[in-house]
1. What is the number of the single condition among (1) out of contact with any Lys or Arg (no Cβ under 8 Å at 6 or more places or on another chain); (2) in a strand (DSSP E or B); (3) of a type in the set (Phe, Trp, Tyr) that PHE97 does not meet?
2. Specify which of the listed residues (ALA89, ALA47) is more than 23 Å from ARG9 (Cα to Cα) and assigned to a helix (DSSP H, G or I).
3. Just to check your reading of the model, which residue among LEU106, LEU91, LEU85 is among the hydrophobic types (A, V, I, L, M, F, W, C) and in contact with a Ser or Thr (Cβ under 6 Å, 6 or more places away or on another chain)?
4. Say we look at segment 80-104 and pick out the residues that are among the hydrophobic types (A, V, I, L, M, F, W, C) and touching a Phe, Trp or Tyr at 6+ places or on another chain (Cβ under 6 Å); which of these is nearest to LYS130 (Cα to Cα)?
5. Could you run through segment 142-178 and say how many residues are surrounded by 18 or more Cβ atoms within 10 Å (Cβ to Cβ), farther than 19 Å from GLU87 by Cβ and touching a Lys or Arg at 6+ places or on another chain (Cβ under 8 Å)?
6. Can you name every residue in segment 101-126 that is part of a strand (DSSP E or B) and either in contact (Cβ under 8 Å) with a residue 60 or more places away in the chain or of a type in the set (Ser, Thr, Tyr) (or both)?
Amino acid sequence: MNLKEIVKRHVYTASLSEIQINKKHIINTINPHSYCEAKKDNVFAEALLNSDVLLPDGSGIVLATKILTGKKINKIAGADIHHFLLEQADLKKQKVFYLGASKSTLNLIEKRIAKEFPNIQVASYSPPYKQEFSQEDTNTMLSKINTFKPSIVFVGMTAPKQEKWVYNNKESIDAITITSIGAVFDFYAGTVKRSAPIWIDLGLEWFPRLLKEPRRLFYRNFVSAPKFLLECFWYKFFNRSIL
């Protein structure tokens, strides 16, 4: 994982409307924490680098792009690509599949979609909560998806598990667009409230979430984020990694 090469060659810099959604592709997101984790996990790194679209989901990625390439880009969060794809699916009367989260969360998602996007057919499956899936688990997930034949598959099983599962099984998934969006499942279901727009506009979407879930989010904000900033400036001045 070379941060300068990632922001120069891999991170998506155009608008969402320019994403080609008429051929099979994998959409992932990257933020400072996932970058730091990928430095320790080769499969996760491969999954991110082999994305067809790698979205800058974090003010840190936006900052790194500016510092290392001089290019100004906009943050595109998982919630943004989720909403964009739902709008497209509604216009085209497509099928959408949600893989991940609890059954109760998935039920809330399906109810909201029926109200907001009535032209979408939606199905879902809640896989078992495991650190690693067995081949039987994977076969069941693939069967649920492929029997429904969706145009879009949203995967929400937390990083890096979700990205690695998609990467290892992408050839077997019968869908056009496959995107891992983690916490967006809870945001859209309403079980977790997303930060207010003012925090998002300030590049501080993480702050209200940290206050609500300090134990879970402490490491990514007070360990990964500083490491990422140091990495960014190390590439700027010494053109190499410090991690």
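1. (1)
2. Within the list ALA89, ALA47, the selection yields ALA89.
3. LEU106
4. Just the residues of segment 80-104 that are among the hydrophobic types (A, V, I, L, M, F, W, C), to begin with: 81, 84-86, 89, 91, 96-97, 99, 101.
Then drop every residue that is not touching a Phe, Trp or Tyr at 6+ places or on another chain (Cβ under 6 Å), which leaves 86, 97, 99, 101.
Numbers: LEU86: 28, PHE97: 20, LEU99: 14, ALA101: 12 Å.
In this case the residue turns out to be ALA101.
5. Number of matching residues: 1.
6. Result: SER124, TYR125.
We did not get these values from a lab; they are worked out from the coordinates using the rules stated. Keep in mind it's a predicted model, so treat the numbers as computed, not measured. As a convention, Cβ positions derive from the backbone with ideal geometry for all residues, glycine included, and neighbour counts pool all protein chains shown.
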